[in-house]
Amino acid sequence: MKATLYRQHGGPEVLEYTDFPTPEPKPGEALVRLHAAALNRMDVMVRNGWPGLKLDMPHINGADGAGEIVSVNSPLQYSGEEPGVRAGDRVVINANLGCGECDYCLSGWDNMCRNWHLLGETVGGTYAEYIALPVRQLYKLPGDFDFHAAAAAALVYQTAWHSLITRGGLKPGETVLIVGAGGGVNTASVQVAKLGGAQVVVVGSDAQKLAAAGSLGADILIDRSKNENWSKAVFLATNKRGVDVVVDNVGTTFMQSLRCLKKGGRLLTVGNSGGPRFEIDNRFVFAKHISIIGSTMSHLKDFSTAMDLVVSGKLKPVIDRTFPLEEAAAAQERLWKGENFGKITLEIV
């Protein structure tokens, strides 16, 4: 098969479009012919590498993908409630890889698995023509649903849903601040929060991205290029009430996010695009009765719920641009520079 891979960590120049062995599905797995993949910032972070990261090289990036099942190595079902998948079915991939056997997996919290993996991070991913995965990781798509839309939706919508609804306990009528306008999880969070009946405030880096966030339903738009102290701008825009919930996946902005929260508020985080280490003033946490709630991806039930909403049209994936698989380096550069609004996808022909 054709794949884009790398044999050592480094910049975009390490990516190669080349031949690679087609995987063989193990018992309980399906072989999927991918037609679309979608990028995440994690792809670039893994490509660059970090101390302690040990990968089998060559490594293939990519958590998101959608395509058609070529073969199934057993009649195992996606879950106890879903019909089994079979050759010819159109499917989208759930990149959250639980073992299916530990106490967390057996209790329905596979995203907390004791042997957890993320597709494209610690195991090979979707920048390839074929991939073999456990059948439980596949969601069957309607016959006319676009592969690129499905790939663009899978990771970000399950992540946003699990963080805001399952972990964050979002209630109708609450106000949600989303720090950042253009990223995939943030565009998904705008829609999930609106679907949950919330008022949405977005802080973004420029007017164009903010206008796009407004088109998704955001109610209050704050341009941080014109408001360096955007936490004060949020406070004033909410009639000096503050917000109930902040979605902050930057990390280094936590202090401003804590200032935006009203007493008893929740700060939700699923990542740290600004860096993993930063300082906060703990007095804001205990004095304001604030909860900091972290999560990664979602469990299988939330993935299915989120994808049901996507295929029904209640949540609509935002696609920025599509590149051919062989131009994955250019796609990653666009993502890393923050030039995108929504998801970047790869065409796999």
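Here are the numbers:
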| quantity | calculated |
| --- | --- |
| Segments classed as helices (runs of 4 or more DSSP H), wholly inside region 174-273, with at least 2 members that are farther than 27 Å from Met42 by Cα | 230-237, 254-260 |
| Evaluation of Glu333 against (1) open to solvent by less than 10 Å² (accessible area, probe 1.4 Å); (2) not in a loop (DSSP other than H, G, I, E, B) (one fails), failing number | (1) |
| Of all residues in region 140-173 being in contact with a Gly (Cβ under 6 Å, 6 or more places away or on another chain) and either open to solvent by less than 20 Å² (accessible area, probe 1.4 Å) or assigned to a helix (DSSP H, G or I) (or both), the one that is farthest from Ser189 (Cα to Cα) | Ala151 |
| Checking Met1 against (1) of a type outside the set (D, E, K, R); (2) open to solvent by 20 Å² or more (accessible area, probe 1.4 Å); (3) more than 22 Å from Pro134 (Cα to Cα), the condition it does not meet | (3) |
| Given (1) over 29 Å from Ala66 (Cβ atoms); (2) in contact with a helix residue (DSSP H, G or I) (Cβ under 6 Å, 6 or more places away or on another chain), number of the condition Val192 does not satisfy | (1) |
| Test: residue in region 234-251 that is open to solvent by 50 Å² or more (accessible area, probe 1.4 Å), among the aliphatic types (A, V, I, L, M) and closer than 20 Å to Val201 by Cα | yes |
| Selected residue (only one of Ser304, Ser298 is touching a Phe, Trp or Tyr at 6+ places or on another chain (Cβ under 8 Å), in a loop (DSSP other than H, G, I, E, B) and polar (S, T, N, Q)) | Ser298 |
| Test set (1) in contact with a Pro (Cβ under 6 Å, 6 or more places away or on another chain); (2) outside any strand (DSSP E or B) - Ala132 fails condition number | (2) |
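The values are calculated or read from the model by the stated rules, or taken from the named source; none is laboratory data. In this text, all values refer to a predicted model and were calculated from it rather than measured experimentally. Reconstructed Cβ throughout: ideal geometry from the backbone, glycine too, with neighbour counts over all protein chains shown. Only protein heavy atoms, including side chains, enter the accessible area calculation; ligands, DNA and RNA are left aside. Shrake-Rupley method; radii C 1.70, N 1.55, O 1.52, S 1.80 Å.
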